[in-house]
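Peer 1: Mind looking over this structure? Questions follow.
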Amino acid sequence: MTTVIKNGTIVTHDRTYKADVLIEGERIVEIGEGLKGDTELDATGCYVMPGGIDPHTHLEMPFMGTYSTDDFDSGTRAALAGGTTMVVDFALPSPGQGLLDALQMWDNKSGRAHCDFSYHMAVTWWSEQVFDEMKTVIETRGINTFKHFMAYKGALMVNDDEMFASFKRLAELGGTAMVHAENGDVVAELSARLLAEGNSGPEAHAYSRPSQVEGEAVNRAIMIADMAGVPLYVVHVSCEEAHEAIRRARQQGKRVWGEPLIQHLTLDESEYFNADWDHAARRVMSPPFRNKAHQDSLWAGLQSGSLSVVATDHCAFTTEQKRYGVGDFTKIPNGTGGLEDRMPMLWTYGVGTGRLTPEEFVAVTSTNVAKVLNCYPKKGAILPGADADIVVWDPEKEKTITAGAQVSAIDYNVFEGHKVKGLPRFTLTRGHVAVYDGEMRSREGHGQFVARKGNTATNTALSKWKDLTAPRPVERTGIPATGV
Ligand code: DUC
Ligand code: ZN
Ligand code: ZN
Ligand code: ZN
């Protein structure tokens, strides 16, 4: 069974050209002119691009006393509706739980996926068991990315000694370290003080996590990664201080990547000062939305290449769940949605404004992260042999985002009212047409796990630490007698 995508313009991270794409089963088999297939998809007026990869989702995640509402069913359908064909979710052990045990929990949930998926592993505590299981996770399970929470003190947070131990183990095994970078001690202190002073509303969430707590943690993580010799991926980079640290590290030759979210690029802190409690609480996430200066920094990072990937951190809670935090902002479940809207919003505010080229759009929504996660060119490419994960993108198609029309299972949308121009005409997941001109034809269980290899390079390029790894005692004379 073959399908041909005809009359479109192929856009990859490095090229734009007119050609047809022939798909046989689940793979791309040929690219050229005048190709024929059993069925045809007409891409006249459209761009034919690698399907989006969202490397940061939390589907049906146990968190802050509840579970995020979008699961592998509604979450991956939302992804496909917006042109995303692969998601990478975080398998999250509760402190004390083994890594393999947590993976089993995620395997039990992910069978419903409509598109392909992979996992990152979270390290939420440290022990000999975690040390041992990391090897199995990387070498047997095909998961080489491990996230560390530097915030959520008393719950998911790891301390510097645990993080250093974990980073060193990852360096040894060919893993990549990831960090949620916020200084959890400072956040805890500020939160307690705000509450004590009577600041209990959702705006206090933003006051409790100023950009300095993120900048400090990113700098610390980069230095610890450098000493351990491990590549580092910083999730949800939201501010200039964090971006600056990443820019500097990259300029020094370190393998450090930064991931801004579509929310931080397009929504700002004024959302928290809305008089409506629900409006503000629905936008509570960590890190919080920032001001325009920070947004400009993130856009500049995408343009210059100092920031590599645009994700969502999709972690969707209903209004009812958000209301657990009435009277105490620290109990508002942290998280927002974005899976369905990431690509249209980035196209509209990036390509549509001239800030990004279509090729840069492909790079930051798909190809760059496929390379960082070691699944390129199976994913993130329009090449013979690649998976037929493709979005046929109509740059003229428009809509106004509204919760009433979304796939996500929650009752609001943080992008409500935004007019987007640029939407999928077709979305294909491993050759299967999951979105056909606005109609959902996806299949529960179609999604497969994408195993990823370990790294072949570490992060020791310029590390001075290497000089200290084999310390030798200094030979001295004239040692004073002891016990005088
Ligand atoms: N931040 C959120 O807002 N939600 C999930 C976890 C996180 O780090
Ligand atoms: Zn996080
Ligand atoms: Zn997250
Ligand atoms: Zn199929």
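The values are calculated or read from the model by the stated rules, or taken from the named source; none is laboratory data. What you see is a predicted model; the values in this text were computed from it and never measured. Positions of Cβ are generated from backbone atoms using ideal geometry, with glycine treated the same way; all protein chains shown enter the neighbour counts. The accessibility values were calculated without ligands, DNA or RNA, using every heavy atom of the protein model including side chains. Shrake-Rupley method; radii C 1.70, N 1.55, O 1.52, S 1.80 Å.
Peer 1: Return the residues of segment 70-92 that are buried (at least 23 other Cβ atoms within 10 Å of the Cβ), in a loop (DSSP other than H, G, I, E, B) and either within 14 Å of the chain's Cα centre (by Cα) or not aromatic (Phe, Trp, Tyr) (or both); say none if nothing qualifies.
Peer 2: Result: 70, 82, 83.
Peer 1: Right, another one. Hey, any hits in segment 126-147 for a residue that's closer than 22 Å to residue 63 by Cα and open to solvent by 50 Å² or more (accessible area, probe 1.4 Å)?
Peer 2: The answer is yes, given that some residue of segment 126-147 is closer than 22 Å to residue 63 by Cα and open to solvent by 50 Å² or more (accessible area, probe 1.4 Å).
Peer 1: Moving on. Residues of segment 43-57 being surrounded by 22 or more Cβ atoms within 10 Å (Cβ to Cβ) and either assigned to a helix (DSSP H, G or I) or not aromatic (Phe, Trp, Tyr) (or both), which ones?
Peer 2: Across segment 43-57, the qualifying residues are 43, 46, 48, 49, 50, 51, 52, 53, 54, 55, 56, 57.
Peer 1: Now a separate question. Cβ contacts < 7 Å: first residue farther than 13 Å from residue 302 by Cα and open to solvent by 10 Å² or more (accessible area, probe 1.4 Å), restricted to segment 234-252; second residue in a helix (DSSP H, G or I) and more than 16 Å from ligand 4 (Cβ to nearest atom), any location; separation 6+ or different chain. Result?
Peer 2: From residues that are farther than 13 Å from residue 302 by Cα and open to solvent by 10 Å² or more (accessible area, probe 1.4 Å), the pairs are 241/211; 241/212; 241/214; 241/215.
Peer 1: Let me ask something else. For residue 415, work out the one condition from (1) aromatic (Phe, Trp, Tyr); (2) out of contact with any helix residue (DSSP H, G or I) (no Cβ under 9 Å at 6 or more places or on another chain); (3) buried (at least 23 other Cβ atoms within 10 Å of the Cβ) it doesn't fulfil.
Peer 2: Here residue 415 clears every test but (2).
Peer 1: Report the residue count in segment 419-430 for those that are open to solvent by less than 40 Å² (accessible area, probe 1.4 Å) and either closer than 15 Å to residue 335 by Cβ or more than 16 Å from ligand 4 (Cβ to nearest atom) (or both). Reasoning before the result, please.
Peer 2: Taking segment 419-430 first, the residues open to solvent by less than 40 Å² (accessible area, probe 1.4 Å) are 420, 422-424, 426-430.
Now drop any that are not either closer than 15 Å to residue 335 by Cβ or more than 16 Å from ligand 4 (Cβ to nearest atom) (or both), which leaves 420, 422-424.
Count: 4.
Peer 1: Related question: Please go through segment 262-285 and give me each residue that is under 22 Å from residue 150 (Cβ atoms), open to solvent by less than 10 Å² (accessible area, probe 1.4 Å) and in contact with a helix residue (DSSP H, G or I) (Cβ under 8 Å, 6 or more places away or on another chain), ordered by number.
Peer 2: Those that are under 22 Å from residue 150 (Cβ atoms), open to solvent by less than 10 Å² (accessible area, probe 1.4 Å) and in contact with a helix residue (DSSP H, G or I) (Cβ under 8 Å, 6 or more places away or on another chain): 264, 284, 285.
Peer 1: Check whether at least one residue in segment 101-116 is open to solvent by less than 40 Å² (accessible area, probe 1.4 Å), assigned to a helix (DSSP H, G or I), out of contact with any Phe, Trp or Tyr (no Cβ under 8 Å at 6 or more places or on another chain) and free of Cβ contacts under 8 Å to residues at least 60 places away in the same chain, and report yes or no.
Peer 2: Start the filter on segment 101-116 by keeping residues that are open to solvent by less than 40 Å² (accessible area, probe 1.4 Å), which leaves 102-103, 106, 109-110, 113-116.
Still in the running and assigned to a helix (DSSP H, G or I): 102-103, 106, 109-110.
After this cut, where a residue has to be out of contact with any Phe, Trp or Tyr (no Cβ under 8 Å at 6 or more places or on another chain) as well, the list is 102.
Subsequent filtering for residues that are free of Cβ contacts under 8 Å to residues at least 60 places away in the same chain retains 102.
Looking for residues that are open to solvent by less than 40 Å² (accessible area, probe 1.4 Å), assigned to a helix (DSSP H, G or I), out of contact with any Phe, Trp or Tyr (no Cβ under 8 Å at 6 or more places or on another chain) and free of Cβ contacts under 8 Å to residues at least 60 places away in the same chain, one finds at least one in segment 101-116, hence yes.
Peer 1: Output the number of the condition that residue 309 fails; it satisfies all remaining conditions of (1) within 16 Å of ligand 3 (Cβ to nearest atom); (2) among the aliphatic types (A, V, I, L, M); (3) within 16 Å of residue 341 (Cβ to Cβ).
Peer 2: (3)
Peer 1: Something else about it: Just for segment 30-42: of the residues that are without any contact (Cβ under 8 Å) to a residue 40 or more places away in the chain and part of a strand (DSSP E or B), which one is most open to solvent (accessible area, probe 1.4 Å)?
Peer 2: So the first thing to find is which residues in segment 30-42 are without any contact (Cβ under 8 Å) to a residue 40 or more places away in the chain, and the list is 32-40, 42.
Then keep just the ones that are part of a strand (DSSP E or B); that gives 32, 39-40, 42.
Working: 32: 17, 39: 59, 40: 115, 42: 76 Å².
Within segment 30-42, the match that is most open to solvent (accessible area, probe 1.4 Å) is 40.
Table: residues versus (1) surrounded by fewer than 22 Cβ atoms within 10 Å (Cβ to Cβ); (2) away from ligand 1 (no atom under 16 Å from the Cβ); (3) of a type in the set (Asp, Glu).
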residue	(1), (2), (3)
292	yes, yes, no
297	no, yes, no
302	no, yes, no
307	no, yes, no
315	no, no, no
328	yes, yes, yes
333	no, no, no
336	no, no, no
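Peer 1: Right, another one. Considering each of 172, 214 in turn, give the residue that is within 16 Å of ligand 1 (Cβ to nearest atom) and either in a helix (DSSP H, G or I) or within 23 Å of residue 311 (Cα to Cα) (or both). Give the steps one after another, and end with the answer.
Peer 2: Values: 172 fails: within 16 Å of ligand 1 (Cβ to nearest atom).
The unique qualifying residue is 214.
Peer 1: Still on this model: Taking the condition under 22 Å from residue 280 (Cα atoms), among the hydroxyl-bearing types (Ser, Thr, Tyr) and at pLDDT 95 or above, does residue 436 pass?
Peer 2: Values: under 22 Å from residue 280 (Cα atoms): no; among the hydroxyl-bearing types (Ser, Thr, Tyr): yes; at pLDDT 95 or above: yes.
The answer is no for residue 436.
Peer 1: Any idea which of 405, 409, 386 is without any contact (Cβ under 8 Å) to a residue 24 or more places away in the chain and either of a type in the set (A, V, I, L, M) or in contact with a Ser or Thr (Cβ under 6 Å, 6 or more places away or on another chain) (or both)?
Peer 2: Details: 409 fails: without any contact (Cβ under 8 Å) to a residue 24 or more places away in the chain; 386 fails: without any contact (Cβ under 8 Å) to a residue 24 or more places away in the chain.
Just a single option satisfies the conditions, and that option is 405.
Peer 1: Looking at 335, 350, which one is at pLDDT 95 or above and on the phi > 0 side of the Ramachandran plot? Steps first, please.
Peer 2: Working: 350 fails: on the phi > 0 side of the Ramachandran plot.
Unique residue meeting the criteria: 335.
Peer 1: Then there is this: Among helices (runs of 4 or more DSSP H) lying entirely in segment 246-337, which contain 3 or more residues that are more than 26 Å from residue 89 (Cβ to Cβ) and out of contact with any strand residue (DSSP E or B) (no Cβ under 6 Å at 6 or more places or on another chain)?
Peer 2: Values: elements: 262-266, 277-282, 292-304, 319-322.
Per the criteria, 277-282, 292-304.
Peer 1: For residues that are of a type outside the set (Gly, Ala, Ser) and in contact with a Ser or Thr (Cβ under 7 Å, 6 or more places away or on another chain), scanning just segment 196-221, find the one that is most open to solvent (accessible area, probe 1.4 Å). It would help to see each step written out before you state the result.
Peer 2: Of the residues in segment 196-221, the ones of a type outside the set (Gly, Ala, Ser) are 197, 199, 202-203, 205, 207, 209-210, 212-214, 216, 218-220.
Among the residues that remain, those that are also in contact with a Ser or Thr (Cβ under 7 Å, 6 or more places away or on another chain) are: 209, 214.
Details: 209: 18, 214: 2 Å².
Looking at the filtered set, the residue picked out is 209.
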